[in-house]
Every structure is written in structure tokens, then in C-alpha cells.
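Let me begin by presenting the structure, written as C-alpha cells, before commenting on it.
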Amino acid sequence: MTRHPILAATLAATTILSAGLPVAAQAASSERGGAQEAAVPGGIVYVPPSRGAPQGRIGGSTRGPVGGLPSLEVLAPDHAGLTASPQPTLLWYLGAPAKGPIEIVVDTVEMSGRPPLLDVTLQRPSPGINAVDLAQHKVRLEPGRLYRWSVAMQVDPAQRSGDVLASGMIVYQTGASPAVDRKAPPATAASRLAAQGYWYDALAVLSRAIAGQPGDAGLRDLRASLLEQVGLREPAAYDRAGRRE
């Protein structure tokens, strides 16, 4: 596969920024910053890892002259988010029906010359919050390695610079397992995961629960609160609206 031109440039820049950083910094180690200790409405607080990793979320705005396109967001923090699973679920948001195929790619930032770990194309994804389960695609992340994952809407396959592109970063962290009771209710489990810095796992727990109980206003409020804490306002508003339906 030929990598997306915008994503390739971003991966190269991220590689330069992360070169020479210790693994603990690249992985945004489990030492927690104290900036978000205060309680927030909704009962969930995301405590991000230390800020040693490069910044890297790209929002879903158009990269070409074509306007009137739906917004596209990866549900990721603005830094390398952690997961305790080698096969996490990644979530993304589409603001309206897609104007073209959606391509989802997971790749290492090193761009080693090997094909990406994941490269799938969806023809008609639904608007709203969508998920891609890496386990279903038999994709496994390596511990401590920095990955970038992206979602791109193809407006003109011949001119990929006009795509709507969103991307974020993820690290699979091994070692100390998250202190979460497997039998805990989803809201409790997600809150504990978020407090320990496991962004992707907290979000996945809430999203699976919402898929089973789409009318649960409390779960939607929790997910909206989590999204708002990292600046994902439009997906949060989608959840807030959904709870009133």
C-alpha cells in the first residue's frame, strides 16, 4: 500500500520528534500528571500520562479546496493515549453521511517499509460514533511501541490531498495491569481506567455498554464528559443529543 501522503508526512515528523526519547517517554509512561485531579460533571476524570510523548492528534478538517464535507474525528486524546490491551477497540466519529469511502489505517510511526498493521476501507459507514476492533482483524500491537492510527474519507481517489483526515496515537503498555474489578459496572470500570490513564480502554468500556443500552442517558453523559476533557466537543454533543432522544 502507498501510504496516505498527508499521513506519511505526519508520521515522519512524529518519528523525528520521538527520536532519542526513552521508551517510558515515548509510551507516555504510567506516571500521572496532576493537572486533572478535580472532579468534573459526569463523574469521570481522565488523568493523562506524563507528557513525554509528542503531541499528535489531527482533526478531521478538509485538506483541499472541497467544502461542505462532514466532520471526522478520531476519539483520541491530543497525546499518545494508553491501552492495556494488545488488541484494543478504536473509536471514531462521523458527523454526517460520508461523501466517499472511509479508509482506516494503523501503522507504526517508524514507517519501517513494511505494510501497515491494518488497512481497511468501509463503503457506507453510519454517521455517529463508530468502532474498529483490532481483534476482529487479527491485529496485535507490540508493547511500548508508538502507533498512529488514522481515518480518512476519500473525496477524490485521484487526489488524496483533498481527503478529510483524522488521526491519533496509541501505545500498548504492559507491566502493571489496571486495577479494575472485572465484575464492576461499566461506569465504575471506565472511571477507574480513566483515572489510571488508560484512555482507549475507558472509552471502549463505555462504548460497549452504550451499544447494549443505547438509551442509557447516564452512560452517554459519562462518555460525553470523557470526550469533552480532551477537546472532542462535537462527538460529545452527539452523545448529549442522543441521551435526549
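The values are calculated or read from the model by the stated rules, or taken from the named source; none is laboratory data. Here the structure is a predicted model, which is why all the values come from computation and not from measurement. Counting neighbours? That spans all protein chains shown, and the Cβs are built from the backbone with ideal geometry, glycine included. Heavy atoms of the whole protein, side chains included, go into the accessibility calculation; ligands, DNA and RNA do not. Shrake-Rupley method; radii C 1.70, N 1.55, O 1.52, S 1.80 Å.
Points to keep in mind about this one:
- Accessible solvent surface per residue of the range 98-138, calculated while the other protein chains remain in place, 1.4 angstrom probe, Å²: 54 Å²
- Difference of contour (0.36 nm per residue) and Cα-Cα distance, GLN136 to ALA184: 14.8 nm
- Exposure of THR121 as accessible area (Å², to 10), given a probe of 1.4 Å and all protein chains: 70 Å²
- Computed over the range 92-157: relative contact order in percent, which uses C-alpha pairs under 8 Å that are six or more apart: 50 percent
- Take every pair of alpha-carbon atoms less than 8 Å apart whose residues are at least six positions apart; their mean separation over the length of the range 152-245 yields a relative contact order of 15 percent.
- Residue-level accessible surface for VAL230, protein heavy atoms, 1.4 Å, Å²: 20 Å²
- Packing-based order for 208-215, 90-97, using average beta carbon neighbours within 10 Å, highest first: 90-97, 208-215
- Phi-based couplings in Hz for the range 160-170 (Karplus 6.51, -1.76, 1.60; Gly and Pro marked x): 5, 5, x, 4, 8, 10, 9, 8, x, 10, 8
- Among residues other than PRO86 with Cβ under 13 Å from its Cβ, the summed charge is 0 (Lys and Arg +1, Asp and Glu -1).
- Computed with every protein chain present, the accessible area of VAL139 is close to 10 Å² [probe 1.4 Å].
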